[in-house]
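The values are calculated or read from the model by the stated rules, or taken from the named source; none is laboratory data. Everything quoted here is computed from the prediction, not taken from an experiment. Ideal geometry is used to build each Cβ from the backbone, glycine not excepted, and the neighbour counts take in all protein chains shown.
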Amino acid sequence: MGESRQGSVLVLGYFAAVHIGHRYLIERAKHISAEIGSSVTVVTFDDGIYAALGRDFREIYVLRERMSILRELGVSVDVLPVDRAFLSQSPEQFLSVLSEKKPIAIVVGQDYRFGKGAVGDAALLKSYFEKTGVEVEVCDLLSVGGKKISSTLIGELLASGDIHAANAILGSPFFISGTVVKGFENGKKLQFPTANLSFDMDKFIPRSGVYASYAYVDGVRYKSMTNIGSHPTFGYYEVNAETNIFDLSEDLYGRFLKVELIDYLRPVLTFSDPASLSNQLYLDKKKALEVLL
């Protein structure tokens, strides 16, 4: 390792999914940082970036989830605002903002764009910083099945219920997280009590249905099954996530819960009566236990 230097290797991108393409950029940055003795900082955006850019797309992971993943990967996080003034900056103004962060090196993907109208590209970034002696590494894009790995592709897979393919591209299981809120308690009446999570405004909602899942409570992993969607049998149509945690009976209201989706079991169905739903839930649990290790 060379002499340690102050400053950081910056990794630039939206990082809405922290997928294997993003993780590759981070690994390249870590390699550079190890050689020069510096830290790695991922530069991401606050929640609402897609809405601010006029795109009809939700974030695979909201900011607090992205920050959790990135910190587990051992990097620092720098969050850029999504207000109109910041997003209206010219490419040159944005480059000036990056310069103020005093990067030692920068890592981006080939498709990186910045500045108003996304007219700034990786080539402009590279030419701007290399004049000042800052190394810029532009990485080739990763693909699967001839398609570029992207948050958009992951969103398509999640929307179709192909959780296996989505998880493979993400590099770890897709999850939802948040504080457990009060539900309708229909699950408790059916002997399948559930912990209920409401979706963040910016959070991508996967295909409605029942999933085999893992639930994490205070860092402990439990086998579970999770219903994403509404509850037509009971006449409730608000979309939420409710998780029946196997082998855990304690009250989780107000507690933080993380739920990983592992396998898609079935779509949401309307049952003629609660007893029919209860019978199906027993079958769902049996199938989930066959899937979960």
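With respect to the conditions (1) surrounded by 16 or more Cβ atoms within 10 Å (Cβ to Cβ); (2) modelled with pLDDT of 95 or more, A52 lacks only one, and its number is (2). On inspection, A123 does not qualify as among the small types (G, A, S), farther than 19 Å from L53 by Cα and outside any helix (DSSP H, G or I). Between E135, E59, which is within 25 Å of F204 (Cβ to Cβ), in contact with a helix residue (DSSP H, G or I) (Cβ under 8 Å, 6 or more places away or on another chain) and charged (D, E, K, R)? From the options E135, E59, the qualifying one is E59.
Is at least one residue of region 133-143 under 25 Å from the mean Cα position of the chain (by Cα), touching a residue at least 24 places away in the same chain (Cβ under 8 Å), more than 12 Å from L12 (Cα to Cα) and assigned to a helix (DSSP H, G or I)? No, region 133-143 contains no residue that is under 25 Å from the mean Cα position of the chain (by Cα), touching a residue at least 24 places away in the same chain (Cβ under 8 Å), more than 12 Å from L12 (Cα to Cα) and assigned to a helix (DSSP H, G or I).
Checking each residue in region 144-167 for being out of contact with any helix residue (DSSP H, G or I) (no Cβ under 7 Å at 6 or more places or on another chain), among the small types (G, A, S) and free of Cβ contacts under 8 Å to residues at least 40 places away in the same chain picks out G145, G146.
Being at pLDDT 95 or above and either over 30 Å from T226 (Cα atoms) or in the same structural domain as L25 (by TED's automatic domain parsing) (or both): is that true of S160 here?
Values: at pLDDT 95 or above: yes; either over 30 Å from T226 (Cα atoms) or in the same structural domain as L25 (by TED's automatic domain parsing) (or both): no.
In short, no.
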